[in-house]
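Report on one structure; see the data block that follows.
The values are calculated or read from the model by the stated rules, or taken from the named source; none is laboratory data. All values derive from a computational prediction rather than experimental measurement. Every residue, glycine among them, receives a Cβ derived from its backbone with ideal geometry; neighbour counts consider all protein chains shown.
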Amino acid sequence: MLLHIPQTFSLILKSYGNETLLYHPASGDTLLLSPSAVPVITRLQEGPLEKERLIEHVAEVLNYEVDESFLAHMEEVLSGLVKRDIVAAE
Amino acid sequence: MMTRISELDLIQLQSQLKGVGLYLKTGPFSYRIRSSVPAIAEGLHLLYGDSAFYPQMDFVDFDIRLDAPSRLRRYFRPKLDFYFDHQTPFKPLPLTQAYAFLEWGMNWCISVHMNQYLKLHAAVLEKNGRALVMPAAPGSGKSTLCAALMLRGWRLLSDEHALISLDDNKLIPVCRPISLKNRSIKVISQFDSSAVFGPLCEDTHKGNVVHMKPDEQSVALDHQPVTPGWLVFPKYIPGADTRLTERIKETAFLKAGDQSFNYSLLGAEGFEVMSRLIEACDCYNFSYSNLDEAVETFDKLSETAA
Amino acid sequence: MTERTYELLEVLRRPELLKTLSLPEWGRLIPQARHALLLGRLHALVLQHGLVDVLPEQPLNHTLSAYLASQKQRTTTAWEVRKLSDALQSLGLPLVLLKGSAYIQSGLSVAEGRLLSDIDILVPKEKLSTVENTLHSRGWRSSKGDAYDERYYREWMHEIPPLRHITRGSFLDVHHTILPPTAKYKPDPVKIMADIREVAPGVYTLSPVDMVIHSATHLFHEGDFDHGLRDILDLHGLLNHFGENEPGFWHRLVPRAVELDLVHPLYYALHYCRLILNTDIPAAVLEQSRKGRPNPLMSGVMDGLFMRALRPDHPSCEQPLTGVARWLLYVRSHYLRMPLYLLIPHLTRKAWKRRVADKTEQTGPAQANVPEPRARANRWRFWAR
C-alpha cells in the first residue's frame with residue numbers, strides 16, 4: 001500500500017518540546033499528535049512511501065524494535081491518520 | 001478639554017439616552033446606546049463615569065437600544081428587547097435585568113462581529129508592562145480574581161474578551177465593567193470596600209449579577225496595547241490551597257483554543273497567532289480559594305516580567 | 001440629493017463611489033450591507049478596487065470581519081465538496097454543484113466575500129435514494145425532525161429535507177430538479193444534466209446559461225426575498241462575467257430559457273438587473289426576453305413590488321408598503337410553485353406554527369437566549385494517546 005499526503009493539504013506542524021500540534025488548513029482541524037505519528041507525517045511530506053518502508057522508517061527514528069506490538073500500534077496510528085484525512089492510501 | 005460622563009448629572013444622561021443616545025468609546029469600539037429605562041441610565045452613570053463624553057460621533061460600530069417591545073407590554077409584563085441595528089437578536093428579558101442585558105448585549109456585539117482579532121473568552125490584566133491572560137469557562141472564578149487584582153493595582157484590559165492583534169500579537173484593551181455573580185458579589189465587597197457596583201440584577205439565568213466599575217487608570221489607558229506575558233487557567237476550588245503550577249504548552253494551546261470565539265474561523269492564521277501567543281507566554285494552572293493569597297501569588301509572578 | 005439614503009445600491013452599482021463616502025454615509029451603509037448579507041461582498045469590492053489603504057479604517061473593520069468569515073466558508077466549502085465528490089464518485093455519479101458553492105468552485109468573482117448557508121447539489125431523480133443512502137452512511141443525516149416537514153419536502157418540493165453532517169455540522173440540500181414538480185413551469189432536469197460542465201475532476205456546475213437561468217428561477221420563483229439584493233447581485237455578477245468571458249453566452253441565453261420553459265424568470269432577472277444595478281445587457285437580448293414579460297398592467301404592479309422587496313432590508317431603506325410587498329411576493333412565489341389546493345394548507349400551517357411558537361416563546365423564531373460567552377464552532381480533534 002502506497003501512502004502519501006495530498007499536496008493541497010499543506011499541513012502545518014508546531015513542536016513544543018516532545019509534543020507536536022498539527023493544523024490541517026483544508027479540513028480546519030487542529031490535532032495533538034501521538035509521538036509515533038510525527039515521523040510518519042514528516043517523512044510523507046518528502047514524498048509517497050510504501051507502508052512497510054514507512055513503518056521501518058518510524059521504528060528507526062524512534063529507536064523501536066519492529067515486533068508484533070509495534071506493528072499493531074502503527075496500524076492504528078496509520079488508519080487514524082487516514083481516517084482523519086491527513087494521509088491518503090492507494 | 002475632555003468632558004467625562006461623570007460630569008453629566010443623571011437627568012442629563014437620561015435625556016441623552018432617551019434622545020440621540022449616549023456615544024461611548026471603549027477600546028477600539030464605539031457604541032451608541034439608547035434607552036428610556038432608568039436602571040440603564042443609573043448603571044451607565046455609575047460605571048462609565050470615567051469614560052469620555054461625546055456629544056456626537058460620525059460613525060459608530062454598534063448601534064443598540066433597549067426598550068419595551070410595546071406600550072402595552074410596559075404595563076402587563078414589563079419586558080425589554082435588545083435592538084442591534086433595529087433587529088432583536090435575543091428573546092426579551094424582564095425589566096429587572098435591564099442593566100445586565102445591556103452589558104451582555106455589548107459583549108455579544110464584540111464576540112460575533114469583530115473577527116479581525118483572535119478572540120478568547122478571558123480576563124486580561126497588566127502589570128510591569130506584561131499582560132496576564134486568564135481564559136476560563138463561566139464558573140471558574142475568573143471574574144472574582146480579575147476584580148481582586150484590579151483592586152490591588154493591576155491594570156484591567158478586559159474581564160471578558162482577550163483581543164489579540166493578528167499583526168503583532170499584542171493584547172488590545174477593551175476596558176469595561178467586571179461582571180460578578182452570586183457569592184462573588186459579597187466576596188469582593190468584603191475584599192475591598194472601595195469597589196463601586198452598578199444595579200443588582202436578581203434571578204437572571206446566571207443567578208444574581210452585578211457589574212463593578214473599572215478604576216480610573218485602566219480606563220485612561222484603554223487605548224494602549226500590551227505585550228503578552230502569562231497565560232493562566234484559573235480555578236476556584238472551595239477550601240483549596242493556593243497553587244500555581246506550570247502547564248505544558250501544547251495542552252495550554254488546546255485549552256485556550258477551547259475558549260476562543262473565532263479560532264476556527266481564522267483558519268491557519270488563527271493557528272499561527274495562537275502559537276505565537278503560547279510561545280510568548282509562561283503557561284500555568286492556578287487553583288485558589290483565598291483572594292489575598294491569590295493576589296500575592298500574581299504580584300510575585302509579575303516580578304518575572306522581562 | 002443632499003442625503004443619500006440608498007448608499008448600498010449606489011456603491012454596488014458604482015464601487016468607485018466608495019472613495020467619496022463620508023463617515024456618516026458609511027454609518028448607514030454598514031448596517032444596510034449587514035442586513036443584506038453583503039458586508040463581505042463589499043470588502044471584496046474594496047479589495048478589487050485597491051481601496052483598502054484609502055478608506056477609513058473603522059467601517060472597514062466591519063467589512064473585513066465579514067470577509068474573513070466568508071474566506072473561512074470557502075475553505076470549508078472546498079473540503080465539503082471534496083467529501084461529497086468522494087461519495088458520489090463511489091457511485092459513479094458526477095457531483096453537480098448549484099448556487100453559491102458552484103460560484104466558488106468556478107472561481108467567479110461574485111463568490112468573493114459572499115456568504116452561503118448550505119451546499120446545494122443536483123442529482124438525477126432515479127438515483128436519489130441511492131445517493132441518500134450513501135450520504136447517510138457517510139454521516140449526512142436529515143435535519144428535519146417534524147414528520148409534516150419531511151413529507152412536505154419529499155412530496156411537493158424539489159429537494160429531500162436538508163441534511164446535516166453529524167461531525168462537521170455542514171448543511172447540504174440535495175435537489176433532483178431545479179423547480180418543484182408541482183410548479184407551473186416544468187424545466188426538464190435531464191436537459192440540464194446533459195449540459196453540465198466539469199470545473200475540477202469529478203466536480204461539475206451547470207453550464208453558464210443554465211447557471212444564470214437557475215439563479216433567476218431561484219430568486220423569482222422561490223419567494224426567498226430575504227436576501228433578494230444579494231441574489232440580484234449574484235445575477236449581475238454572473239451576467240457580467242459570462243457576457244465577457246463565455247463565447248456565445250448572450251446568443252444562447254434566451255433560447256435556452258425558452259427551451260427549459262423558464263423565460264419568465266429570466267425576463268424578470270434581466271429586467272431588474274438592468275433597472276437596479278444598470279447591468280450591461282445587449283439590447284437584442286432584452287428584446288428577445290420580452291416574450292417572458294407579463295401583460296403591461298401586471299408588469300407595472302410587479303415593478304412596484306420587486307423594486308421595494310429588493311431593497312436592502314433595513315429601516316433606512318424602507319418605503320411605505322415594503323412589508324406588504326414582500327408578503328405579496330411570497331404568496332406569488334408559492335402560487336407559482338404549488339397548485340392552490342396545496343398552497344392554502346401549507347401557508348396556514350406555516351402561520352399556525354409561527355403562532356404556536358409565538359405563544360410559547362413570545363417572540364419570533366429567529367431569536368436566541370442571551371448567549372453564554374462560549375467558544376463557537378471550534379473543531380478540535382484529539383489524538384488517542
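If you check B:Met57 against the conditions, is it buried (at least 18 other Cβ atoms within 10 Å of the Cβ), outside any helix (DSSP H, G or I) and within 14 Å of chain C (Cβ to nearest Cβ)?
Values: buried (at least 18 other Cβ atoms within 10 Å of the Cβ): yes; outside any helix (DSSP H, G or I): yes; within 14 Å of chain C (Cβ to nearest Cβ): yes.
Yes, satisfied.
Of the helices (runs of 4 or more DSSP H) entirely within segment B:194-288, those holding at least 3 residues that are more than 14 Å from chain A (Cβ to nearest Cβ) occupy B:216-220. Across segment C:111-131, the number of residues qualifying as buried (at least 23 other Cβ atoms within 10 Å of the Cβ) and part of a helix (DSSP H, G or I) comes to 1. Can you find a residue in segment B:121-135 that is within 11 Å of another protein chain (Cβ to nearest Cβ), surrounded by fewer than 20 Cβ atoms within 10 Å (Cβ to Cβ) and either modelled with pLDDT under 95 or on the phi < 0 side of the Ramachandran plot (or both)? Within segment B:121-135, none of the residues are within 11 Å of another protein chain (Cβ to nearest Cβ), surrounded by fewer than 20 Cβ atoms within 10 Å (Cβ to Cβ) and either modelled with pLDDT under 95 or on the phi < 0 side of the Ramachandran plot (or both).
Condition test on B:Ser179, is it assigned to a strand (DSSP E or B), crowded, with 21+ Cβ neighbours inside 10 Å and among the polar types (S, T, N, Q)? Considered against the rule, which asks whether it is assigned to a strand (DSSP E or B), crowded, with 21+ Cβ neighbours inside 10 Å and among the polar types (S, T, N, Q), B:Ser179 comes out as yes.
Listed by first and then second residue, the pairs with beta-carbon distance under 8 Å, at least 6 apart or on different chains, first residue in segment C:230-254 and charged (D, E, K, R), second not in a helix (DSSP H, G or I), are C:Arg230/C:Ala36; C:Arg230/C:Leu37; C:Arg230/C:Leu38; C:Arg230/C:Arg114; C:Asp231/C:Asp224; C:Asp234/C:Arg114. Could you check, for segment C:197-213, whether at least one of its residues is touching a residue at least 60 places away in the same chain (Cβ under 8 Å), of a type in the set (Ser, Thr, Tyr) and part of a helix (DSSP H, G or I)? The answer is no; no qualifying residue exists. For segment C:56-87, filtered to residues that are more than 12 Å from chain B (Cβ to nearest Cβ) and in contact with a helix residue (DSSP H, G or I) (Cβ under 7 Å, 6 or more places away or on another chain), the residue that is surrounded by the fewest Cβ atoms within 10 Å (Cβ to Cβ) is C:Ala87. Could you tell me whether segment B:93-102 includes any residue that is crowded, with 24+ Cβ neighbours inside 10 Å and within 8 Å of chain C (Cβ to nearest Cβ)? For segment B:93-102, residues crowded, with 24+ Cβ neighbours inside 10 Å and within 8 Å of chain C (Cβ to nearest Cβ): present. Could you go through segment B:234-248 and let me know if any residue there is within 24 Å of the chain's Cα centre (by Cα), hydroxyl-bearing (Ser, Thr, Tyr) and either within 20 Å of B:Ala137 (Cα to Cα) or at pLDDT 95 or above (or both). Checking segment B:234-248: at least one residue is within 24 Å of the chain's Cα centre (by Cα), hydroxyl-bearing (Ser, Thr, Tyr) and either within 20 Å of B:Ala137 (Cα to Cα) or at pLDDT 95 or above (or both). Looking at this structure, is C:Trp79 aromatic (Phe, Trp, Tyr), within 30 Å of B:Leu163 (Cα to Cα) and out of contact with any Lys or Arg (no Cβ under 6 Å at 6 or more places or on another chain)? Judged against the criteria, C:Trp79 is a match.
Collect the residues in segment A:27-38 that are buried (at least 18 other Cβ atoms within 10 Å of the Cβ) and either in contact (Cβ under 8 Å) with a residue 40 or more places away in the chain or not hydroxyl-bearing (Ser, Thr, Tyr) (or both), keeping them in residue-number order.
Initial filter on segment A:27-38 (buried (at least 18 other Cβ atoms within 10 Å of the Cβ)): A:27-34, A:36-38.
Across segment A:27-38, the qualifying residues are A:Ser27, A:Gly28, A:Asp29, A:Leu31, A:Leu32, A:Leu33, A:Ser34, A:Ser36, A:Ala37, A:Val38.
Looking only at residues in segment A:50-72 that are under 12 Å from the mean Cα position of the chain (by Cα) and surrounded by fewer than 18 Cβ atoms within 10 Å (Cβ to Cβ), the one that is nearest to A:Gly17 (Cα to Cα) is A:His57.
For segment B:143-173, the set of residues classified as over 11 Å from the mean Cα position of the chain (by Cα) and within 17 Å of B:Ile188 (Cβ to Cβ) consists of B:Thr144, B:Leu145, B:Ala148, B:Leu149, B:Met150, B:Leu151, B:Arg152, B:Gly153, B:Trp154, listed by residue number.
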